[in-house]
Amino acid sequence: MKRLLFGGMVAGAVLLPFLALVLWAFSQRWFYPRLLPEQWGLRAWQYVLGTAGTQMTEAFTHSVLVATVTAVLSVAGGVPAGRVLGLYHFRGKDLLSIVLMLPIIVPPLCVAMGLHLWLLQLELAATLAGVVLVHLSACLPYAVFVMWGVFSNYNLDFEDQARSLGASTLSVIWRVMLPLTFPGIVVAALFSFLLSWSQYLSTLLIGGGKILTLPILLFALMGSGDRPVAAAVSIVFVIPALAALAMSARYLGSRRMLGVW
Amino acid sequence: MGVLALDELSIAYGADTVVRGLTLEVAEGELVSLLGPSGAGKTSVLKAVAGLLAPAGGDVRIDGCSVRGLPPEKRSAVMVFQKPLLFPFMNVAQNIGFGLRMQAVAPAEARRRIRDILELTRLTGFEGRRVHEISGGQQQRVALARALVLKPAILLLDEPLSSLDANLRQQMRELLQDIQSETRVTTLLVTHDQSEALMLSHRIGLLLDGRLRQVGTPHDLFHRPADRAVAEFFGGCNFLTGRLQGGLFACEIGSFPAPGVVANGHRLTAAIRPEDILVGGDCDHPIPGRVRRTRFEGAATRLWVDCGPVRLVVLTPRGDLLPGQPVCLRLPAEKIRIFPPG
C-alpha cells in the first residue's frame, strides 16, 4: 500500500507538468484567469500533422537519425575508452580525464563556435554528419565516464575464465565482456541519445539553419506565440525520449525502484 | 587424460621472483596438490600452466609437448578459479555449455554431455536455474561441471574449497574425490589448507619461499618431513637440537638411538609429533617432566610438559593428567625424525 502511494506521488510529480502541455495541445481558447480551456479543439494537431506535416516529418526524421547515430558512435568510442581508463593505470591518466571533461566544463556555445570553423574547413558544416560530430563532442565524454565507472567495477577474472574454457579474444568480447557491461552500455547510449535529442544551439550553429531538428522547430513555434501548436510539437518531441527511457528502464536503478513503476 | 610436467618453472612479478626452479610431474589420472602458505605464488603457477600468465623461465609440457607460447584457449588445460565466476547472464545449463559452444560441439551432443555432467556433480534438475538462485556450494559445483564437461587433459583447481563454509567443505571434498576417481582426470590442485591437501591428494608438493621443499604422498610429508621447515608447516612438532655421538642422537633431554644417520659432530635438528610421544608406562629411557598446562580437545588432550630445559607438547588420549603433576614420557626412537644437516 505504501509503495503504491509513494509510486503515485512520484508519478504525479513527474506527470503534472506534462498535464499542462496536454491541456494546451487540445485547447482552442484558453485565457487567464480560467483554470481550464474555454474551448477544446484539435486545431493545433491539424496544423502540426497537416499543414506543417512535411516540416514535422523532416524535423522528426533528422532528430531520430542524428540522435541514434550519435548514441551508437558515442557507445562505440566510450566502451574501449572506458575499458582502458577503468582497468589500467598509466602516466598522464589524470590529464586525460580532465581533457575528456572539457566539453562538459566549457560552455557548449564556445565548443560549438570553436568547432564550427573547423567543420567549415572540412566542408561538414550544414550537413547531418557535422551535426552528429558536434553532438558527439558533448555526448562522448558522458559515455566514456559511464563506461569508466562500469569497468572500474569489472572483474577481469571472468575473461580469464572464459579464455581457459576455450574462448578466443573475439568470443570473450562478444560473449562475455559486452553482456557483462550491457546495463552500462544501455545507460551510456540513453544519456547520449537524450543529450543529442535535446541539442538546440549546437545544431543551429553547425546546421546553419539548413538542418531542421525538432528542438529548432519547437523554438521557432514558441517564438510565434501560438501556444497550442507549441504544446502539440512539445508532445511529439517528448514521446520518443520517454520511449527511450521506458525501454532502458530495466537497466536503471535498483530492482526495488523499478517495482514502484 | 594427460600428463603434466613442470620443468624448472619460475614466476616473477616485475623484478620479484616468487617461484623458482619448480619441477613437478603429475601422472595420468593423478591428483597432485601444490600446498603452501597464502601468497606463495601458487595461483600464479596454475595460471602459467593454464596459459593466462607467462612464466619468467622454465617450461610447461602437456603430454610431452611444450605449451609455452600457446594461448589459453588452445591449451587442453582448464582452470577453475577460487570464485565460481559463473556468467550471470546465463543459466546453469548455458554456463556449463559455454566451453562446448566455443568448441562448436553439436547441440544434441552438448545437451547429452551437460546432462551427464549434471548427474556427476549431483546437480540434476538445476539446468534452468539462474546463477543468483543457487547456493555457494552449488555454484562451485557448476563451475567444476563447466570445466569437466570439456574433458580436459589437465584440470587446474585454485583453492576449490576455500570459499565454502566448514560443513560444505567436507561434502565438496568427498564429491571432488568421487569425481576425480571416476573421471580419472589429471588434476593439479592448489591450496593453503593442509587438511585439504592431505585428504584429497595422491601426492603433495610443498611450496615454501618460492621453492618446492618436498614432494611425496601425504603420509610421507606428514610423518617423514624432509626438513625443519616442512615439519613446521604441518605444525605442532616438537623440535630437539643435539649432536650425533657414537651412533646416538644426544640432545637436551637424553640420548636416542639414531640408526642410519651419518653426520658425526654436526649439530642436528630432530622432530617428533605430539601424538607420537607416550605418557607413562614402562620404558628403558623414561623422560621425567612436569605438566605445565592441559587442554582438552575432545578425542585427545594436549599437554605442555616441561622436561628440564625443553618444553614438549604431547597429545595423549589420557584425560587424567593435571597441571603441576609429574609425568614420565617415552619417545619411541622410530618416531623421532632426525633431519640431515644443512
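Some observations on this one:
- Neighbouring partner chain Cβ atoms per residue of A:153-164, average, 10 Å criterion: 6
- In this simple spin-label model, placing a label point 7 Å from the Cα along the Cα-to-Cβ direction at both residue A:238 and residue B:250 gives a separation of 10.2 nm.
- Within chain B, the longest segment free of exposed loop sites, counting GluC sites (Glu not before Pro) that fall outside DSSP classes H, G, I, E and B and have at most 14 other Cβ atoms within 10 Å, spans B:29-251.
- Of B:14, B:235, B:97, the one that fluctuates the most in a GNM where chain B has Cα springs shorter than 10 Å: B:14
- In this entry, chain B is assigned a mean projected area of 21.2 nm², taken as a quarter of its C-alpha convex hull surface.
- Evaluated over chain B, the count of Lys pairs having alpha-carbon atoms less than 30 Å apart is 9 (only pairs 8 or more residues apart or interchain).
- Each of residue B:119 and residue A:98 was given a label point 7 Å from its Cα along the Cα-to-Cβ line. The distance between the two points is 6.6 nm.
- Alpha carbon convex hull of the protein assembly as shown, projected area averaged over orientations, nm²: 42.8
- Helices in chain B, meaning DSSP H runs of at least 4 residues, each add -39500 (n - 2.57). Divided by all residues, the mean residue ellipticity at 222 nm is -7000 deg cm²/dmol.
- Take every Cα pair under 8 Å whose residues are at least 6 apart in sequence, average their separation, divide by the length of chain B, and the relative contact order is 16 percent.
- The GNM of chain A, with springs linking C-alpha atoms under 10 angstrom apart, assigns the highest mean-square fluctuation among A:198, A:27, A:224 to A:224.
- Choice from A:179, A:141, A:240 with maximal GNM fluctuation in chain A (Cα, 10 Å cutoff): A:179
- Loop-located chymotrypsin sites (Phe, Trp or Tyr not before Pro) in the stretch A:99-202 (DSSP state other than H, G, I, E, B) with a sparse environment of at most 16 neighbouring Cβ atoms within 10 Å: A:200.
- Euclidean distance of C-alpha centroids, the stretch A:121-151 and the stretch A:13-31, integer Å: 34
- Average silhouette area of the stretch B:236-338, convex hull of alpha-carbon atoms, in square nanometres: 6.3
- Stokes-Einstein D in µm²/s, Kirkwood radius over Cα pairs - the stretch B:94-223 at 20 °C with 1.002 mPa s viscosity: 134
- Euclidean distance of C-alpha centroids, the stretch A:210-240 and the stretch B:133-186, integer Å: 63
- Exposed loop positions in chain A were taken to be trypsin sites (Lys or Arg not before Pro) whose DSSP state is not H, G, I, E or B and which have at most 14 other beta-carbon atoms within 10 angstrom. Between these positions, the longest stretch is A:92-209.
Bear in mind that the values in this text are calculations on the coordinates, not laboratory data. Just so we're clear, the structure is a prediction, and the values are computed from it rather than from any experiment. Quick reminder, even Gly has a Cβ in these numbers, built from the backbone with ideal geometry, and neighbours come from all protein chains shown.
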